[in-house]
Ligand SMILES: [Mn+2]
């Protein structure tokens, strides 16, 4: 309503769910890529699930993605976590390996290991902490307006607004900050991940659904 469009009037359609094969990374990737090959669209919205979801999408589209923005409380930049290279803690690192370090940006950061932070800097990844965003109100809109891929980890928001995520992190983003710049975005791919609701009336899922609704409306207009 705030955007004066009904989401039902947009040209969006639901292509259903992909069943994850638990513990079988290759099989999950095969299933997701198989579905992606069958979908004929020029714009995409994906819902997760673990942030690893993003890796499967980026590995499919590859160099078509020229400006990837990762909204997250964490860096997700470990080379390995619990002996695995493919999980939510390593996803930005894997994305950077595919796209190139200059094609990825991280925004909303407020929890990071010393190693991941020094790696981010060593690789020259452009990143903005939550305090950078609050200090300079132009950053969020500027960064998002240039993105052709936006990956939203719901933990970028403060747990007061989105408590039901895998790794809640205080001092987060107020959803209104995103809403204020939503008309500036023009992505071809969006994913929204790490929603872990306990029941259907979870404020986290309601927030996630509302963000998606507004994003679909904006993507449909452009
Ligand atoms: Mn994440």
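If you bin the C-alpha pair distances of the range 85-186 every 5 Å from 0, what whole percents do you get? Percent of pairs per bin, in order: 2, 11, 21, 25, 22, 14, 3, 0.
Summarised in one figure, the compactness ratio Rg/Rh of the chain, Cα atoms and Kirkwood Rh, is 0.93.
Among 105-111, 71-77, 208-214, sorting by the average number of other beta carbon atoms lying within 10 angstrom of each residue, highest first, gives 71-77, 105-111, 208-214. Taking N as the residue count of the range 132-178, its C-alpha radius of gyration divided by 2.2 N^0.38 Å amounts to 1.19.
Note down the Stokes-Einstein diffusion coefficient of the range 91-142 in µm²/s, whole number, using a Kirkwood radius over alpha carbon pairs, 25 °C, and 0.890 mPa s. After rounding, the answer is 211 µm²/s. Restricted to Cα atoms, the range 1-44 shows a radius of gyration and a Dmax of 15.0, 44 angstrom.
Return 33, 88 ranked ascending by Cβ neighbour count within 10 Å, so the fewest neighbours appear first.
Values: 33 15, 88 25.
Listed from fewest to most nearby Cβ atoms, that is 33, 88.
With Rh defined as the Kirkwood radius, the inverse of the mean 1/r over Cα pairs, the Rg/Rh of the range 145-222 is 0.96.
Between residue 174 and residue 222, the modelled label-to-label distance comes to 2.4 nm, taking each label 7 Å out from Cα in the direction of the beta carbon.
Taking label points 7 Å from Cα along the Cα-to-Cβ direction, residue 161 and residue 134 give a separation of 1.3 nm.
Per DSSP H run of n ≥ 4, the term is -39500 (n - 2.57); total these for the chain, divide by its residue number, and report the mean residue ellipticity at 222 nm rounded to 500 deg cm²/dmol.
On the way: 8 runs with 78 residues, N = 222.
Calculated from helices alone, the mean residue ellipticity at 222 nm is -10000 deg cm²/dmol.
Between 93, 66, 30, the residue with the greatest mean-square fluctuation in the GNM of the chain (Cα pairs under 10 Å linked by springs) is 30. Rg and Dmax over the alpha-carbon atoms of the range 1-99 stand at 15.2, 48 Å. With each label modelled as a point 7 angstrom along the Cα→C-beta vector, the residue 38-residue 21 pair spans 1.6 nm.
Computed over the range 38-94, the percent of Cα pairs more than 19 Å apart is 31.
FYI, it's all coordinate maths here, none of it is from the lab. Quick caveat: nothing in here was measured; it's all calculated off a predicted structure. When we count neighbours, we look across all protein chains shown, and the Cβ atoms used for this are built from the backbone with ideal geometry, even at glycine.
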